[in-house]
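Take a look at the structure set out below.
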Protein chains: 2
Amino acid sequence: MEIVSSPDRMRALTREFRAQGERIGFVPTMGALHEGHLSLINRARRVATRVVVSIFVNPAQFGPQEDYKSYPRNPERDAERARLAGAHVLYSPTFRDVYPPGYRTYVAVERFGTTLEGASRPGHFRGVATVVAKLLGRVAPHVVFLGQKDAQQAVLLKKMIEDLEMDVEIEICPTVREEDGLAMSSRNVYLDADERRAAPVVYRALRRAETAVTREGERQAERVLDLLREVLALEQSVSLDYAAVVDARTLEPLPRLRGEVLVAIAVCIGSTRLIDNVILKVEE
Amino acid sequence: MEIVSSPDRMRALTREFRAQGERIGFVPTMGALHEGHLSLINRARRVATRVVVSIFVNPAQFGPQEDYKSYPRNPERDAERARLAGAHVLYSPTFRDVYPPGYRTYVAVERFGTTLEGASRPGHFRGVATVVAKLLGRVAPHVVFLGQKDAQQAVLLKKMIEDLEMDVEIEICPTVREEDGLAMSSRNVYLDADERRAAPVVYRALRRAETAVTREGERQAERVLDLLREVLALEQSVSLDYAAVVDARTLEPLPRLRGEVLVAIAVCIGSTRLIDNVILKVEE
């Protein structure tokens with residue numbers, strides 16, 4: 001595995017791969033690699049012949065009060081994990097490589113970027129879309145792999161790629177969970193022991209919603225959300241930021257469930273903010 | 001020359017060219033091709049082995065009171081001119097190809113997009129940046145050719161390409177002028193005979209500014225602009241929208257001229273709005 005920090009070297013590698021007819025799979029990350037990231041790298045290895053993993057903690061997607069400074073960073077362990085998972089290139093540009101002085105260009109996906117997480121974190125998705133557009137420009141992969149855990153990010157980036165006519169495929173891979181159901185997240189390390197014990201309630205609440213829809217035939221979004229909130233209320237240390245039932249492709253609210261439905265949730269446990277979701281296929 | 005309207009066909013062609021090791025030159029236009037456009041196609045033929053010309057009148061870059069509907073359109077004559085100039089592909093997508101229902105993604109270049117033309121035409125450059133990002137995504141050229149006449153557009157798109165790390169070179173080609181100095185523009189057809197006779201004053205005013213700087217050693221922007229306005233005042237039918245002296249790379253105002261300087265002007269002649277500019281290299 002080659003570790004690359006220079007954007008020029010990254011471009012040279014990608015041109016070399018393409019000239020050799022290789023198929024480039026790309027896994028963009030903010031580092032702090034966990035099983036979720038490794039599953040993306042594994043999937044990329046099956047679909048592509050060259051796997052590029054990027055690590056860049058992107059300041060443009062953090063709000064001023066958020067955890068940009070404290071976000072977990074461990075470049076040596078990340079490099080070792082990426083190598084063991086079979087990545088061929090680890091691209092980790094510096095802040096100045098990505099946002100040199102006088103940087104001015106931003107990509108925004110309207111509506112997709114201002115609902116749900118975007119409503120709670122103004123500017124977050126402008127930062128995400130911008131940095132991913134840049135990474136796609138630099139790495140020029142054939143396929144990019146994203147995790148379902150960040151459902152809105154995945155839908156929004158799919159929309160950006162389609163709207164900007166970028167020549168790259170996108171594959172969304174399933175959320176990887178701990179045995180008790182907690183979705184893998186780099187932010188889980190923020191949880192203390194009590195918070196960690198409480199955290200699986202998030203997925204239990206989503207499962208309650210799923211059961212209501214798939215087994216009990218519930219189709220009213222408000223009723224589904226009530227059931228979800230009832231489960232969540234069992235853990236007093238967990239406070240709900242939002243829970244929503246939306247169309248999985250457009251992210252528009254669905255008062256009555258139909259088609260492919262995203263049930264998305266964001267909570268705070270102590271000072272840690274976590275998100276999770278399930279996708280339901282609803283037959284009429 | 002192949003005329004392509006389908007985005008899928010355009011992508012297939014570009015992939016074929018790249019697989020064959022061809023070098024793709026790209027000339028994006030809004031049609032109404034004149035000598036300025038043809039000079040870009042000629043230049044592209046010398047630098048590239050395959051030349052793609054696009055024609056798309058982009059509604060996103062017109063304000064609600066502007067001339068989107070009346071903008072000159074003549075697809076048959078354009079196709080003939082592009083063919084004679086040696087283009088290999090003429091790509092002319094439809095409105096629905098470029099902005100399908102539910103379209104949401106926009107690219108903005110801050111500051112570069114809100115000064116000069118951007119101040120007079122709010123949203124204009126967001127439309128320009130977005131459509132060019134899309135066309136670059138679709139055509140995936142090695143080099144894109146733009147005219148110096150639209151100086152701010154050229155600088156802004158260069159900035160976008162650099163900021164978004166797009167793998168494409170950009171070449172800015174000299175403004176082509178009528179014998180009396182009027183810069184070639186698709187909008188010149190709007191001028192009636194009297195207006196057409198008055199129009200060359202725009203370039204004469206720019207030349208006065210140039211003489212002041214290069215021959216007379218003037219370095220104060222306000223003095224240069226006064227001289228320019230004096231010339232312009234000789235034609236009563238020509239009203240100034242703005243004249244500005246800015247850094248040619250950053251578009252920031254330069255109270256005192258130094259380095260590479262852009263002198264840019266926008267006027268109205270009757271109901272026709274025209275722009276023009278000169279670049280001056282100022283030695284200290």
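The fewest-to-most ranking of B:GLU76, A:GLU252, A:GLU171 by surrounding Cβ atoms within 10 Å reads B:GLU76, A:GLU252, A:GLU171.
Scanning chain B for the beta carbon that comes closest to the axis linking it by rotation to A yields B:VAL107, 3, distance in whole angstrom. DSSP beta bridges fully contained in the protein assembly as shown are about 55 percent antiparallel. Using a 7 Å projection from Cα along Cα-to-Cβ, the label point at B:GLU230 is separated from the same position in the remaining copies by 8.6 nm, smallest value first. For segment A:182-266, the share of alpha carbon pairs falling in successive 10 Å distance bins from zero is 17, 47, 27, 8 percent.
Computed over the Cα atoms of the protein assembly as shown, what is the convex hull's projected area averaged over all directions, in nm²? Kindly include the intermediate steps, with their values, before the conclusion.
On the way: hull surface 116.2 nm².
About 29.1 nm², averaged over all directions.
When you count the other C-beta atoms within 10 angstrom of each residue and take the mean per peptide, A:184-191, A:173-180, B:143-150, B:23-30 line up highest first as B:23-30, B:143-150, A:184-191, A:173-180. The ellipsoid equivalent to the alpha-carbon distribution of segment B:70-136 has semi-axes of 27, 16, 12 angstrom, derived from the gyration tensor eigenvalues as √(5λ) and listed largest first. Each other copy places its own label point for B:ASP241 at 4.3 nm from this one, sorted shortest first, where the point lies 7 Å along the Cα-to-beta carbon line.
Taking the charge dipole of the protein assembly as shown about its Cα centre, with +1 at Lys and Arg Cβ atoms and -1 at Asp and Glu Cβ atoms, the residue from A:ALA244, B:VAL282, A:VAL132 reaching farthest to the positive side is A:VAL132. Here segment A:206-281 and segment B:208-284 have alpha carbon centers that stand 60 Å from each other. Listed by chain and number, the lysines whose alpha-carbon sits under 21 Å from that of B:LYS149, ignoring those within fewer than 8 places in the same chain, are B:LYS158, B:LYS159, B:LYS281.
The mean count of C-beta atoms from other chains within 10 Å of the C-beta of residues in A:128-135, rounded to a whole number, is 3. Taking every Cα-Cα distance in segment B:60-186 and sorting them into 10 Å bins starting at zero, the pair-distance distribution P(r) comes out as 10, 35, 43, 11, 0 percent. Residue-wise HN-Hα couplings along segment B:17-29, as the Karplus relation 6.51 cos²θ - 1.76 cosθ + 1.60 with θ = phi - 60° gives them from phi, are 4, 5, 5, 8, x, 6, 9, 9, x, 10, 10, x, 9 Hz; Gly and Pro carry x. Convex hull volume per residue, computed on the Cα atoms of chain A, equals 135 Å³. As a calculated quantity, the FRET efficiency between B:GLU110 and B:ARG258 at R0 = 22 Å, using C-beta atoms, amounts to about 0.35. Each other copy places its own label point for B:LYS281 at 6.5 nm from this one, sorted shortest first, where the point lies 7 Å along the Cα-to-beta carbon line.
Could you tally the net charge around A:ALA44, taking each other residue with its Cβ under 11 Å from the Cβ of A:ALA44, Lys/Arg +1 and Asp/Glu -1? Its environment carries a net charge of +4.
No value in this document is a laboratory result; all are computed from the given coordinates. Here the structure is a predicted model, which is why all the values come from computation and not from measurement. We place every Cβ from the backbone using ideal geometry, glycine too, and count neighbours over all the protein chains shown.
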